[in-house]
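Here is the structure we will look at.
The values are calculated or read from the model by the stated rules, or taken from the named source; none is laboratory data. Predicted, not measured: the structure shown is a model, and the values here were computed from it. Counting neighbours? That spans all protein chains shown, and the Cβs are built from the backbone with ideal geometry, glycine included.
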Amino acid sequence: MTFVRGTFLSRLSDRSGQLVNKMLMAAMMLAVALCGSANAAEQQFGAFGPEGSRMREQLWILPSGEEGRSLRATVFRPEDEASEPNKKYPLVVINHGTDEATRLAVAMPVYYWLSRWFVERGYVVVLPQRRGHGATGGALSESIGSCQQPNHYASGNIAADDIAATVNYMTQQPFIAQKATIVAGISTGGWASLALAARNLPQVQGVVNFAGGRGGHAYGRSNAICGKPELVAAAHKYGGTAREPSIWFYSENDSYFGPALAQELAQAWNGAGGNAEEHILPAYGNDGHSIADDRQGWDIWGPSLDAFLTKVRGGQLEVAAEHQPSSPPVETSAIATTGATR
């Protein structure tokens, strides 16, 4: 079995609102119980429980890429939305990595600083927890093959099924703009986002890939990839149909998907007709695979991502004045720091 590190920013309690978060936790547990026993026709999707104090944080239940299974998701919304009930907001879907060893024990994905970056630019943020992870639970459908014979193409497509279901459902909500969605992902979530890009969903304007890939840290070794030729070939195949613009961020000291591999993937993608703008960032922290984890990352990838969003949106991007969070973010968990992800 092979592992690639993921970057979960996990949080189950809001330090400034313990009562609200007890209600959120109770709502999530009830949602798991109710939805787990219901068939697809009986499942109730949408918001579940009250909003929290941090960026209007709320649990949602979403359809998945498989009939009869649902996803748990975290949703963040701009504060001004409550005062403008008829306004439609752009959407960003942020897709998590995969920690094989603890995938069923992880909390809901939050990626606080990345989510906040988008909320301050007027986006509604949804972070679906894909099949086989955390509260969503079940088998890890997106893991196909072995290190000796991986199927990175099929694995990415199965994960992309959950992303597509999320996009299709969320863009039907009355407060979401129909054709102003950005799909972003980290690690295996970045790879899944690239697989989604190959489908050219009409709602999606662009794709953001943070350190995306599969099969890294083969047999526990840095810069070793399970099925590197297959990974590059899959990128070429995805790029052959992807026509949405994408922006890719990799770091010089990413021990999972280093700059040489990142450049091979981008060349394969663009060589097949895709449209990827790649950025190799300076060394970041102890391991550049975590470039989306904290506030410092804003200064490194933020300007390029701002320019990309302005381009795909076709106009000026409005950024809210920076403010102190209503509650401090929980530090990266031990799982996020030490866990390996496929």
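Quick notes
- Residues within region 164-209 that are assigned to a loop (DSSP other than H, G, I, E, B), touching a strand residue (DSSP E or B) at 6+ places or on another chain (Cβ under 8 Å) and either β-branched (Val, Ile, Thr) or within 21 Å of Phe249 (Cβ to Cβ) (or both), tallied: 2
- Scanning region 114-163 for residues that are within 13 Å of Leu91 (Cα to Cα) and in a loop (DSSP other than H, G, I, E, B) yields Glu120, Arg121, Gly122, Tyr123.
- Of the residues making up region 100-130, those that are modelled with pLDDT under 85 and of a type in the set (D, E, K, R) are Glu100, Arg103.
- Test: residue in region 243-254 that is touching a residue at least 60 places away in the same chain (Cβ under 8 Å) and of a type in the set (Lys, Arg): no
- Neighbours by Cβ (under 7 Å, 6+ apart or cross-chain): first from region 224-235, of a type outside the set (Gly, Ala, Ser); second part of a loop (DSSP other than H, G, I, E, B): Ile225/Gly215; Cys226/Thr2; Cys226/Cys147; Cys226/Gly215; Leu231/Gly213; Leu231/Arg214; Leu231/Gly215
- A search for C-beta distances below 7 Å between a residue of region 43-66 that is touching a residue at least 60 places away in the same chain (Cβ under 8 Å) and under 18 Å from Tyr123 (Cα atoms) and any residue that is of a type in the set (Asp, Glu) and not in a strand (DSSP E or B), counting only pairs 6+ apart in sequence or on different chains, returns Ser53/Asp14; Arg54/Asp14.
- Test for Gln173: is it closer than 27 Å to Ala73 by Cβ, modelled with pLDDT under 95, surrounded by fewer than 24 Cβ atoms within 10 Å (Cβ to Cβ) and not acidic (Asp, Glu): no
Yes/no matrix, rows are residues, columns are (1) of a type outside the set (Phe, Trp, Tyr); (2) assigned to a helix (DSSP H, G or I); (3) touching a His at 6+ places or on another chain (Cβ under 7 Å); (4) at pLDDT 95 or above:
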{"residue": "Gly274", "(1), (2), (3), (4)": "yes, no, no, yes"}
{"residue": "His289", "(1), (2), (3), (4)": "yes, yes, no, yes"}
{"residue": "Ile300", "(1), (2), (3), (4)": "yes, yes, no, yes"}
{"residue": "Ser304", "(1), (2), (3), (4)": "yes, yes, yes, yes"}
{"residue": "Phe308", "(1), (2), (3), (4)": "no, yes, no, yes"}
{"residue": "Lys311", "(1), (2), (3), (4)": "yes, yes, no, yes"}
{"residue": "Ala321", "(1), (2), (3), (4)": "yes, no, no, no"}
{"residue": "Ser326", "(1), (2), (3), (4)": "yes, no, no, no"}
{"residue": "Pro329", "(1), (2), (3), (4)": "yes, no, no, no"}
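- Among residues of region 182-202 that are more than 10 Å from Gly156 (Cβ to Cβ), those with a Cβ under 7 angstrom from a residue that is surrounded by 24 or more Cβ atoms within 10 Å (Cβ to Cβ) and among the charged types (D, E, K, R), sequence gap 6+ or separate chain, pair up as Ser187/Arg5.
- Pair list, Cβ < 9 Å and 6+ apart or interchain, from region 73-98 residues that are over 20 Å from Pro63 (Cβ atoms) and among the aliphatic types (A, V, I, L, M) to residues that are surrounded by fewer than 16 Cβ atoms within 10 Å (Cβ to Cβ) and modelled with pLDDT of 95 or more: none
- Residue within region 151-162 that is among the aliphatic types (A, V, I, L, M) and within 13 Å of the chain's Cα centre (by Cα) present: yes
- Residue ID - nearest to Ile176 (Cα to Cα), chosen from residues in region 130-155 that are surrounded by 24 or more Cβ atoms within 10 Å (Cβ to Cβ) and touching a Gly at 6+ places or on another chain (Cβ under 9 Å): Arg130
- Criterion (farther than 23 Å from Lys87 by Cβ, out of contact with any helix residue (DSSP H, G or I) (no Cβ under 6 Å at 6 or more places or on another chain) and not charged (D, E, K, R)) met by exactly one of Gly156, Gly132: Gly132
- Test: residue in region 261-271 that is in a loop (DSSP other than H, G, I, E, B) and either surrounded by fewer than 17 Cβ atoms within 10 Å (Cβ to Cβ) or of a type outside the set (Phe, Trp, Tyr) (or both): no
- Given (1) in contact with a Gly (Cβ under 9 Å, 6 or more places away or on another chain); (2) buried (at least 18 other Cβ atoms within 10 Å of the Cβ); (3) not charged (D, E, K, R), number of the condition Gly206 does not satisfy: (1)
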